[in-house]
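One structure below.
Any read-out appearing in this document is the output of simple, stated calculations on the displayed coordinates, not a laboratory observation. These numbers were taken from a predicted model, which means no experiment stands behind them. In this analysis, Cβ positions are derived from the backbone assuming ideal geometry, glycine residues included, and neighbour counts consider all displayed protein chains.
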Amino acid sequence: MRIIEVNDYQQMSKRAAEYIINKVVQNPSIKLGLATGGTPIGTYKSLIEDHQKNGTSYQKVTTFNLDEYIGLSSDNKNSYRYFMNDHLFNYIDINKAKTNIPSGIAPDFQEECHRYEDIISRHGGIDLQILGIGSNGHIGFNEPGTSFGSKTHIVNLAPSTIQANARFFSRIEEVPTKAITMGISTILKSKEILLLISGEKKKDALCRLLNGEINESFPASVLKNHPCVTIIADKVAIADLEVQCL
Ligand code: GLP
């Protein structure tokens, strides 16, 4: 794993956007894996600014999001489909038909998981997957204990994840308790992974990722088995890890 240390959230976002733009310019038909949550919002903002200023085009790009809440439709402001439209897709020239997110209102969720896994394979897999990390080490919505061999599947969200994500909802009771997520093996099949980590709340997760064992109790640890992972982390998240880790 390669670690790039930056000063703050803003620099992390700018650096991540530059990284992505460079890949899109090199390969205009790139398959991007995208994440939601607070972490990538600044990156998406920078992608939009670049698109408006420099005209980087996403017309041929295909995207696959990591996950979606079960029970939320695309017009629900808390669905990840709404999030992606609102934070990125509505402001760049991407063809929305080429943006893929699991459906939170599919008639058969098991079937939806198979469909999603299949559509990623049929596109030849993901070239660059953007990831955030939960403070319990979750990636996508793969909570601690998820098998490293898992494919796209249905999850029961951990109480700590529901608590952490409640900030986006008006009441914690509104946070769905289930989601569909790409599995860990789905994520690991990506040719390249860009993991973004910012802030005090992610300090322990980063420390455990860098210093801990590779273990299903900490899902992100599996990234150490991947040949091409870049972490962009800010100073607060890295903090006093520097001596041990860099
Ligand atoms: C959410 C998402 C993850 C995200 C994580 C961290 O539950 N499913 O993809 O990486 O939590 O979120 P944040 O960036 O808001 O800290």
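Annotations for the structure displayed:
- Whichever aspartates and glutamates have a C-alpha closer than 20 Å to that of LYS201, once near sequence neighbours (fewer than 8 apart) are set aside: GLU5, ASP8, GLU143, ASP234, ASP240, GLU242
- Counting Lys and Arg as +1 and Asp and Glu as -1 over every other residue whose Cβ lies under 12 Å from the Cβ of LEU195, the net charge comes to +2.
- Additional length obtainable on full extension of the chain from ASN225 to ASN90, 0.36 nm per residue less Cα span: 45.1 nm
- D_trans [Stokes-Einstein, Kirkwood Rh over alpha-carbon pairs] for the stretch 1-121, 4 °C, 1.567 mPa s, µm² s⁻¹: 85 µm²/s
- Normalised by 2.2 N^0.38 Å, where N is the number of residues, the alpha-carbon radius of gyration of the stretch 106-246 equals 1.08.
- Prolate/oblate/rounded label for the chain (Cα gyration tensor, a/c 1.5): rounded
- Test item: Cα-centred dipole of the chain, Lys/Arg +1 and Asp/Glu -1 on Cβ, debye: 440 debye
- Fraction of beta bridges assigned by DSSP in the chain that are antiparallel (%, nearest 5): 25 percent
- Low-density loop cleavage sites - trypsin sites (Lys or Arg not before Pro) in the stretch 75-146, where at most 12 other Cβ are within 10 Å (DSSP): LYS77
- Farthest toward positive dipole pole in the chain [+1 Lys/Arg, -1 Asp/Glu at C-beta], among ASN136, THR186, LEU88: LEU88
- Within the listed set ASN211, ASN100, ASN78, the Gaussian network model of the chain (springs between alpha-carbon atoms below 10 Å) gives the highest mean-square fluctuation for ASN211.
- The lysines whose alpha-carbon is closer than 24 Å to the alpha-carbon of LYS151, local same-chain residues fewer than 8 away aside, are LYS31, LYS98, LYS178, LYS189, LYS191, LYS224.
- For the chain, modelled as a GNM whose springs connect Cα atoms under 10 angstrom apart, the maximal fluctuation among ILE119, ILE20, ILE41 occurs at ILE119.
- Taking other C-beta atoms within 10 angstrom as a stand-in for reagent exposure, ASP127, ASP8 fall in the order ASP8, ASP127, fewest first.
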